[in-house]
Amino acid sequence: MNSNNYTIVITGLGGQGLIRFLQILGNSLMQKGYKVITSEKHGLSQRGGKVICFLRFGEKIAAPIPIIGSADMIISTEKASILDVLEFAKPDRSSKLIVATYQKETRTREYPLEEDLSIVLNENSDNVYTVPVMPIVDKFKNIKMINTIILGYIARFLPLTEEDLLASINQHFKGPILDLNRKALLEGIALN
Amino acid sequence: MERSKILQGQFGEEFFLLGNVAVTRGALESGINVYTYYPGTPSSEVGETFTELFKDAGLNWVESSVNEKVAIEVAGAAYSRGAKAMVGMKNVGLNVASDAFFALATTRPKNENSAMVVLVADDPQQYSSAVEMDSRYYLKLLKVPALEPSNPQECLEYTKLAFEISRELKIPVIIRLVTMVAHARSNVKVGKLVPPKLNENFDLSPEVNVASRLYFLDLKQDQIYNRMNRALSKSENSSLNKIEYKNVSNEFDLGIITSGVSYTYVLEALESLNIKAPVLKLGFINPLPERKIVTFLKQFKQVFVVEENDAYIETEVLAIAQKNGVQTKIHGKDPFSYSKESSALNFVGELNPTKVALALTKITNLTPITNLRQINGKRYETVRRRPILCPGCPYGTIGYALRKAVKKLKLDFAKEIYFYQDIGCYTLLSFSPYSFANVKYCMGSSIALAQGVAHTDDSLNIAIIGDGTFFHSGIPALINGVYNKAPILVLILDNGWIGMTGQQPHPGSDNRYYQEGSNKKKVDLGRLLQGTGANVSIIKHQKGNDENYLHNLEEILYEKGQSVLEKNDMQVIVIEDECIQKYNQRNTLEVRYVDEELCTNCGLCYNQFYCPALTKKNDIAHINSNECLGCGICEYLCPNDAILGGNNNE
């Protein structure tokens with residue numbers, strides 16, 4: 001069951017729009033004929049706490065939570081949040097780690113140093129992708145675009161085309177915010 | 001989006017649906033007439049969806065009730081008069097509803113169409129609950145059938161089946177969900193919508209509806225020996241209780257019994273250990289199918305029972321095994337030992353495939369394909385993030401003012417001050433940096449908790465409760481306080497909405513500002529309080545432009561605290577300041593910025609007023625314009641007038 005499924009772990013902060021991200025991605029995959037399941041682990045996440053989400057797709061509906069050491073892809077929409085979910089990385093270092101450059105400091109804790117973070121990431125995977133979201137976010141003046149940029153970025157690894165994702169985005173947003181999301185998606189797809 | 005579209009789905013069409021929304025669709029495919037609920041994570045989306053669809057779907061009645069007890073009573077009587085009714089709540093809500101539920105469970109409506117489904121959503125790991133409570137033991141107390149789906153597709157199907165069973169047997173049927181089912185999204189193939197219909201003529205005969213010794217001893221006989229007996233044969237014959245992977249075997253002579261989402265964890269765990277085992281998946285969880293379980297047990301030397309939280313199924317399986325003389329060794333949580341050592345799984349916390357796999361290694365001594373223990377032992381120092389109040393949250397302002405008032409009261413009166421918390425966003429004031437909590441139980445308990453200490457000590461005892469929670473179950477405790485002359489200070493934090501679960505309305509919400517509000521009447525909280533004879537003061541914040549608010553708030557908190565300490569009276573302060581998220585849906589407030597010339601970096605704002613948008617940057621106060629929601633409090637606070645509204649032309 002596990003072997004036939006592609007497992008994505010997504011983490012970030014409450015309020016970033018991760019649930020919407022799951023809906024858009026899950027819906028696009030369903031349209032492609034996959035069985036998809038998503039789930040969320042969060043407490044008072046809408047109050048800035050951490051959120052961990054799972055998306056799994058394949059020929060059969062999988063468990064909503066994967067076993068540790070089994071994720072094909074781990075996405076962190078806030079840089080250091082990835083430290084919370086590295087237990088899902090495969091021991092053979094083949095999981096793709098996708099890390100957005102957005103950094104949210106806290107009042108009480110020192111933020112991990114760039115070098116330390118990079119050592120840890122390379123310890124866990126041979127496929128670390130750092131996604132420079134901040135220049136695009138600044139251009140659009142909208143922090144919520146991080147997810148959409150990441151969505152565009154990961155399309156290259158998934159059985160989804162630009163059209164598939166745009167179609168799903170069209171269903172989830174309206175008006176000026178739809179336009180912004182479409183642009184952010186294309187920026188993400190175009191990133192190196 | 002997904003909510004409105006579920007009404008359009010044609011037979012066989014596939015949608016990507018949340019478990020809770022699939023439940024709604026299942027009810028719509030059953031011709032539901034009435035849905036009532038009290039919001040509570042993880043059950044709220046069912047009620048929200050029904051509220052949105054109420055008129056379009058042609059339901060006879062939908063309401064977000066004042067609490068779960070009222071919700072089940074409204075739906076229960078509708079069921080008696082011939083409606084297909086459903087009520088929704090979270091696990092702890094069932095405690096509130098349970099008093100009425102005991103009578104409801106025994107009633108036996110005489111109307112053909114009558115059907116009643118009770119949706120209860122448990123929250124293992126108590127992600128958003130005050131306690132981690134397994135609702136399943138209520139099934140034994142109430143003696144009602146129950147179904148437990150394991151994914152969104154089953155949410156839809158089991159809901160339909162629950163309506164069918166209830167309609168046939170005339171007994172309420174529980175649908176039990178857990179967070180990982182209620183909040184999972186997946187492909188769901190929908191069936192056919194059934195338009196609601198309700199007969200004008202109905203039978204409300206007392207002998208089947210009036211809970212009293214006169215009728216209910218006989219009705220209870222019927223409930224247990226007729227209706228539950230028939231439910232048992234359904235359970236024995238139901239495809240919801242079935243053996244998956246019947247023909248596989250393993251060297252350990254091991255079989256597995258499980259239910260709900262745990263079933264999916266079992267499959268994953270077995271695969272990670274590279275073994276195969278037959279699995280008895282129980283979807284019909286009360287009454288449990290004794291014969292089926294015995295037949296299954298007899299096939300194995302050992303059976304592992306996998307379920308979330310309590311050992312509900314395991315205890316039943318142990319009893320069934322004993323009764324039928326089955327010698328099979330049963331693994332699980334070992335419910336009689338109260339010992340972690342002898343059990344494979346823990347009573348506490350949410351299950352996942354990793355925990356199940358590790359338990360299986362304990363039972364079989366197998367090594368998993370990937371070294372789970374090694375991964376499990378690997379932990380990184382992460383950035384801890386506490387849940388925080390939103391920027392501009394009225395409760396942050398109250399926390400700030402209360403801190404100052406309390407400090408002064410302590411200084412002036414040399415008395416201890418204790419805080420009693422309740423359930424809502426303001427619960428976050430319980431923790432650092434505010435720490436306004438000494439005792440907290442459940443919905444509506446703060447006001448009575450304060451009385452328990454106030455009557456036995458000369459300290460100042462302050463209850464903190466929100467408006468929604470006050471309406472839900474705070475009112476009796478307040479009346480108790482007035483009646484008993486309890487020397488307490490009650491703070492009713494009135495943000496206008498049930499903020500925590502997504503700003504749903506309650507009876508005190510402004511009915512101009514929610515969808516179904518045109519059919520509702522706002523209950524005036526101030527007049528209600530005055531009616532009890534309590535000493536009530538009301539203070540209101542005019543958002544974004546109310547320079548004296550902070551000062552006035554501090555002053556009233558001090559004054560009323562002083563009154564309780566000096567005169568031993570009871571004081572109630574209502575603090576009206578709307579949830580900023582909700583307020584900003586209708587209004588635009590000015591984002592604040594710091595004038596770098598005027599800021600002296602005194603630190604008052606970023607050190608003492610805990611707004612997430614306020615930080616120190618380059619040795620000066622800084623407001624993150626992406627986060628500020630424009631409440632204006634920091635502007636009133638700044639002693640140097642360095643915080644301003646409007647455009648920062650940097």
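The values are calculated or read from the model by the stated rules, or taken from the named source; none is laboratory data. Everything numeric here is computed off the predicted structure, so don't read it as measured data. Glycine gets a Cβ as well: all are built from the backbone with ideal geometry, and neighbour counts include every protein chain shown. Note: accessible area is taken over every heavy atom of the protein model, side chains too, but ligands, DNA and RNA are not part of it. Shrake-Rupley method; radii C 1.70, N 1.55, O 1.52, S 1.80 Å.
If you roll a 1.4 Å probe over the protein assembly as shown with all protein chains in place, what percent of the accessible area is carbon or sulfur? Can you show the working numbers first?
Working: 16600 of 34070 Å².
Accessible surface attributable to carbon and sulfur in the protein assembly as shown totals 49 percent.
Could you list the square roots of 5 times each eigenvalue of the Cα gyration tensor of chain B, that is, the equivalent ellipsoid semi-axes, sorted largest first and rounded to whole Å?
Numbers: eigenvalues 447, 192, 126 Å².
After diagonalising the Cα gyration tensor, the semi-axes are 47, 31, 25 Å.
Please compute the average number of Cβ atoms from other chains found within 10 Å of each residue's Cβ in peptide B:440-448.
On the way: counts 0, 0, 0, 0, 0, 0, 0, 0, 0.
Mean shielding count: 0.
Find how much the distance from B:Ile243 to B:Leu7 grows on full extension, using 0.36 nm per residue of separation minus their present alpha carbon separation; answer in nm with one decimal. Working shown, then result.
Values: separation 236, 0.36 × 236 = 84.96 nm, distance 3.44 nm.
Taking 0.36 nm per residue and subtracting the Cα distance, the gain is 81.5 nm.
Taking the square root of 5 times each eigenvalue of the Cα gyration tensor, what semi-axes in Å does the equivalent ellipsoid of the stretch A:5-190 have, largest first?
Details: eigenvalues 107, 89, 48 Å².
Value: 23, 21, 15 Å, ordered largest first.
Given the DSSP H assignment, sum -39500 (n - 2.57) over each helix run of at least 4 residues in chain B and divide by its residue total; what's the result at 222 nm in deg cm²/dmol, nearest 500?
Details: 23 runs with 229 residues, N = 650.
My calculation for chain B gives -10500 deg cm²/dmol from helical runs alone.
Could you name the aspartates and glutamates in cross-link range of B:Lys415, using Cα to Cα under 12 Å and dropping any fewer than eight places away on the same chain?
Hits, sequence-local ones excluded: B:Asp457, B:Asp458, B:Glu566.
Kindly state, to the nearest 0.05, the FRET efficiency for A:Thr106 paired with B:Asn201, given R0 = 56 Å and r defined as their beta-carbon distance. Mind dumping the intermediate values first?
Working: r = 64 Å, r/R0 = 1.14.
So, using R0 = 56 Å, E works out to roughly 0.30.
What does the charge count around B:Gly632 come to, taking other residues whose C-beta lies under 10 Å from its C-beta (Lys +1, Arg +1, Asp -1, Glu -1)?
-2
Over the stretch B:546-650, what relative contact order in percent results from Cα pairs under 8 Å that are six or more residues apart?
Details: 112 pairs, mean separation 32.9, N = 105.
After rounding, I find 31 percent.
Just to confirm the filter: which trypsin sites (Lys or Arg not before Pro) across the stretch A:96-192 are DSSP coil and have at most 15 other Cβ within 10 angstrom of their Cβ?
A:Arg107, A:Arg109, A:Lys141, A:Lys174
Accessible area drop of at least 30 Å² (1.4 Å probe, protein heavy atoms): which residues of the stretch A:59-81 qualify, relative to the chain alone?
Buried by the other chains: A:Ile61, A:Ala63, A:Pro64, A:Ile65, A:Ile67, A:Ile68.
Could you please state, rounded to a whole Å, how far the C-alpha centre of the stretch B:99-151 is from the C-alpha centre of the stretch B:489-525?
Using only Cα atoms to place each centre, the spacing works out to 27 Å.
Once label points are set 7 Å from the Cα along Cα→Cβ at both B:Glu14 and B:Ile479, what is their separation, rounded to one decimal in nm?
5.5
Tell me the relative contact order for chain B as a rounded percent, counting alpha carbon contacts under 8 Å between residues six or more apart. If you can, show how the numbers build up before the last one.
Working: 1342 pairs, mean separation 64.7, N = 650.
Relative CO of chain B lands at 10 percent.
Once the other residues with Cβ under 13 Å from the Cβ of B:Asn199 are scored (Lys, Arg +1; Asp, Glu -1), what is the net sum?
Numbers: positive: B:Arg81, B:Lys84, B:Lys110, B:Lys197; negative: B:Glu112, B:Glu200, B:Asp203.
With Lys, Arg at +1 and Asp, Glu at -1, the neighbours total +1.
Taking the Cα centre of the stretch A:1-99 as the origin, how large is its charge dipole in debye, to the nearest 20, when only Lys and Arg (+1) and Asp and Glu (-1) carry charge on their Cβ atoms? Please list the in-between numbers first.
On the way: 12 positive and 7 negative charges, 31 e Å.
Its charge dipole is roughly 140 debye.
Can you give the mean number of other chain Cβ atoms that lie within 10 Å of the Cβ atoms in peptide A:33-42? List each step's numbers first, then the result.
Details: counts 2, 1, 4, 4, 9, 7, 10, 7, 7, 6.
Mean shielding by partner chains, rounded to a whole number: 6.
When the helix-only estimate is applied to chain A (DSSP H runs of n ≥ 4, each -39,500 (n - 2.57), divided by the residue count), what is the mean residue ellipticity at 222 nm, nearest 500 deg cm²/dmol?
-11000 deg cm²/dmol
In whole angstrom, how far apart do the alpha carbon centroids of the stretch B:410-477 and the stretch A:73-145 sit?
So the two Cα centres are separated by 40 Å.
Excluding ligands, DNA and RNA, what is the solvent-accessible area per residue of chain B at a probe of 1.4 Å, expressed in Å²? List each step's numbers first, then the result.
Details: 26690 Å² over 650 residues.
Using a 1.4 Å probe on heavy atoms only, each residue of chain B averages 41 Å².
Once each part is reduced to its C-alpha centroid, what is the distance from the stretch B:304-320 to the stretch B:247-278 in angstrom?
If you average the Cα positions of each part, the centres end up 16 Å apart.
Among B:Gln585, B:Ala27, B:Val131, which residue has its Cα positioned farthest towards the positive end of the charge dipole of the protein assembly as shown, with +1 placed on the Cβ of Lys and Arg, -1 on the Cβ of Asp and Glu, and the dipole taken about the Cα centre?
B:Ala27
Taking a 29 Å limit on the Cα-Cα distance, which of the listed pairs B:Lys281/B:Lys355; A:Lys144/B:Lys90; B:Lys5/B:Lys234; A:Lys104/B:Lys340; B:Lys407/B:Lys616 fall beyond it?
Working: B:Lys281/B:Lys355 18 Å; A:Lys144/B:Lys90 31 Å; B:Lys5/B:Lys234 34 Å; A:Lys104/B:Lys340 39 Å; B:Lys407/B:Lys616 25 Å.
Where the Cα-Cα span goes over 29 Å, the pairs concerned are A:Lys144/B:Lys90; B:Lys5/B:Lys234; A:Lys104/B:Lys340.
If we count every other residue with Cβ under 13 angstrom of A:Lys96's Cβ, Lys/Arg +1 and Asp/Glu -1, where does the sum land?
Numbers: positive: A:Lys90, A:Arg93, A:Arg156; negative: A:Asp72, A:Asp92, A:Asp126.
Cβ neighbours under 13 Å give a net charge of 0.
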